[in-house]
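Asks: One structure follows; several queries about it will come next.
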Amino acid sequence: MCKGAIDVASKYLEGGRHTNFESLVLVGIGFVAIIASVMVWKGNYLAGGVTNIILGIITVFYGKDAEGLMVLISGILGVVAPKMKH
């Protein structure tokens, strides 16, 4: 998804103001997934984990299987992490 963000930024800087909606959605999902991952890292496991699970499912729906599965797995690990600490 970071590569997609770089592609969108480079198209915008080259003067191509026309970007498709799907690219913008995936860039937004990428930024929110990073924020949710930071939430998991800071200790807010459930909120960050559930957010990443939802974002992973949406990303897979948009056809980015590898990226979506990584976000989905990070969400599952975020939800399971508090149970593993004991």
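Asks: Just to confirm the number: angle between the C-alpha axis of helix 45-61 and the first principal axis of the chain, 0 to 90 degrees, nearest 10?
Replies: The angle comes out at about 40 degrees.
Asks: Oh, and also: Treating only the Cβ of Lys, Arg, Asp and Glu as charged (+1, +1, -1, -1), what charge dipole size does the stretch 2-84 show about its Cα centre? Round to the nearest 20 debye.
Replies: Details: 6 positive and 5 negative charges, 43 e Å.
My answer is approximately 200 debye.
Asks: To continue, here is another question. Compare G63, G28, G15 in a GNM of the chain, Cα atoms joined below 10 Å, and give the one with the largest fluctuation.
Replies: G15
Asks: Separation between the I6 and N44 pseudo-spin-labels, each 7 Å from Cα along Cα→Cβ, expressed in nm?
Replies: Distance between the two pseudo-spin positions: 2.9 nm.
Asks: Also, I was wondering about something else. Viscosity 0.890 mPa s, temperature 25 °C: give me the Stokes-Einstein translational D for the stretch 2-84 in µm²/s, with Rh taken as the Kirkwood radius over C-alpha pairs. Present the calculation step by step, with values, prior to reporting the outcome.
Replies: Details: Rh = 13.2 Å.
Approximately 186 µm²/s, per Stokes-Einstein.
Quick note: the coordinates plus some simple rules give every number you see, no bench work behind them. What you are looking at is a predicted structure, and each value in this text was computed from that prediction instead of being measured. Positions of Cβ are generated from backbone atoms using ideal geometry, with glycine treated the same way; all protein chains shown enter the neighbour counts.
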